Amino acid sequence: MARNKVIGILTGGGDCPGINAVIRAVAKTAIHDHGWQVIGFRDGYAGLVLRQSVDLTNEKVSNILSLGGTILGTSNKADPFRWAESIDGKLTFFDRSKEALAYCEDLELSALVCVGGDGTLSIAKRLSDLGLPIVGIPKTIDNDLSGTDVTFGHDSAVATATDAIDKLHTTAQSHHRAMVIEVMGRYAGWLALSSGLAGGGDIILIPEIPYHVEKVCQTVRHRASRGKLFSIIVVAEGAEPVGGKKVIQQMVPDSPDPVRLGGIGKVVGNEIEKKTGIETRVTVLGHVQRGGSPTAFDRILATKYGVGAIDLIEQGRFSEMVSWQNGQITSVPVSEAVGKLKLVPPDCELVGTARSVGAIFGDGD
Ligand code: F6P
């Protein structure tokens, strides 16, 4: 048994349910199975640059399996290669990657486990190109990371969104209203598609299938003419009309991915009310989707990912990301996971299933 090996872990990007389950699995397996020491870095890559870390003892990772968020903190801004600082009121960027690497060297890290989505793992890849032994774990509620069938956090977000759709259903029915619910998903519509299907959405609008607003209104009208006086419309924040654009809510200049979307739900809701005369309400689910306890599926997946990451380190297989493919844990080079988002193929089985039960995507349908 290897003794006194030190490994690190950081959690980057937007939080999601299941991160603590991963931290717990990584630490417990490293400590119990191998006798290694585990260091957790605070707030994603900020902890590497600012030298902020914590010893993840067995006690520290105890009782966190069902806890939402991340006990380490996270950041979707901190990038050692593009470190933002305000100098005389002007945002200035610095390359502080050497400082990050120096901290890892001082701590005598044998490996760094990077838990995150495309942004976090792209940075991990750049650090690995500079010689840092890294292993990736795929995380995001959007499920848009390539190289894996599913990211942890997605199932929990789908459950939250589905629960919200169920609740909107009853009030929509009582008031004979059209209810629009805007869910997250900037470029990929997996969350809208799955929750829309699970919640029985009548209309599902996703970024990969641009919609005709007339088609959406026609569906609401047609339902009303058949005595269905309410409609449920699930809209991904990144959905866009044919020939139109995404609705930007805010720009975050010090973020590597500065665009924050939001507002398409309101746009769609206004059109429906104006064109059909049916009273319409809009709900933006927002960050509720990233909070709360992970589902049982996510707890198990996160635990498998954590154990899988330690297996990779033990075998000396670095620059790889643990991945879930065809119902089992495997791994892929991190380079295959980043830089190209996994979008919903418009002709995929899930879209076909939704269409079969009458859901409308607002395209030719
Ligand atoms: O990538 C995950 C995600 O939740 C997106 O779905 C969403 O657009 C974005 O993060 C929101 O980021 P922020 O936490 O900066 O508002």
| task | Could you let me know the centre-to-centre spacing of region 104-135 and region 225-291, using Cα atoms, in angstrom? | result | 36
| query | Bin by bin, in steps of 5 Å, what percent of the Cα pairs in region 314-365 do you find, going until the bin that has the longest distance? | reply | 4, 15, 17, 15, 13, 11, 11, 8, 3, 3, 0
| request: May I ask you to order 278-288, 348-358 by the average number of other C-beta atoms within 10 Å around their residues, highest value first? | output: 278-288, 348-358
| query | Can you list the aspartates and glutamates whose alpha carbon is less than 16 Å from that of K304, not counting same-chain residues fewer than 8 positions off? | reply | D33, D149, D155, E314, E320
| remark: Normalised per residue, the volume inside the convex hull of the alpha-carbon atoms of region 1-158 in Å³ amounts to 122
| said: Just to be sure I understand the model, the point goes 7 Å from the Cα along the line to the Cβ. What's the resulting Q250 to R355 distance in nm? | reply: 3.8
| message | Starting from the Kirkwood Rh over alpha-carbon pairs, what translational D in µm² s⁻¹ does region 169-294 have by Stokes-Einstein at 4 °C and 1.567 mPa s? | response | 87
| query | For the pair K274 and L229, how long in nm is the line joining their label points, each one 7 Å along Cα→Cβ? | reply | 2.6
| Can you list the equivalent-ellipsoid semi-axes of region 30-108, largest first and in whole Å, using the square root of 5 times each Cα gyration tensor eigenvalue? | 29, 16, 8
| task | Would you please name the trypsin sites (Lys or Arg not before Pro) within region 63-164 that are DSSP coil residues with at most 16 other C-beta atoms within 10 Å of their C-beta? | result | R82
| field | Dipole moment magnitude, nearest 20 debye, region 44-125 about Cα centre, only Lys, Arg, Asp, Glu C-beta charged | value | 240
| request: Choose one answer from V252, V135, V216: the residue with the largest mean-square fluctuation in a GNM of the chain with alpha-carbon springs under 10 Å. | output: V252
| If you bin the C-alpha pair distances of region 223-365 every 5 Å from 0, what whole percents do you get? | 2, 7, 10, 13, 15, 16, 14, 10, 6, 4, 2, 1, 0
| field | Members of K246/K266; K125/K342; K28/K342; K215/K266 lying beyond 21 Å, as alpha-carbon distances in this model show | value | K28/K342
| said: Quick check on the chain: helices-only [θ] at 222 nm, where DSSP H runs of length 4 and up contribute -39,500 (n - 2.57) each and the sum goes over total residues. Nearest 500, please. | reply: -10500 deg cm²/dmol
| request: State, to one decimal in nm², a quarter of the convex hull surface area for the C-alpha atoms of the chain, i.e. the direction-averaged projected area. | output: 19.0
| query | Among L301, L261, L130, whose mean-square fluctuation peaks in a Gaussian network model of the chain (Cα, cutoff 10 Å)? | reply | L130
| request: Take the chain, connect every pair of alpha-carbon atoms lying under 10 Å apart with a spring to form a Gaussian network, then pick out the residue of F93, F230, F318 with the largest mean-square fluctuation. | output: F93
| remark: Rounded to 0.05, the calculated FRET efficiency for the beta carbons of K167 and D347 at R₀ = 22 Å is 0.10
| field | Part-to-part distance (alpha-carbon centres) for region 2-79 and region 297-365, which is given in Å | value | 22
| Taking 0.36 nm per intervening residue step and subtracting the Cα-Cα distance, what contour gain separates N58 from Q315 on full extension? | 90.2 nm
| message | Starting from the 7 Å offset along Cα-to-Cβ, what nm value, one decimal, do you get for the label separation of H175 and D88? | response | 5.4
| Which net charge results for the neighbourhood of E59, defined as the other residues with beta-carbon distances under 12 angstrom from its beta-carbon, given Lys and Arg at +1 and Asp and Glu at -1? | +2
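Rule-based calculations on the coordinates, nothing more; no lab input. Treat the numbers as computed from the prediction; the structure is a model and nothing was measured. As a convention, Cβ positions derive from the backbone with ideal geometry for all residues, glycine included, and neighbour counts pool all protein chains shown.
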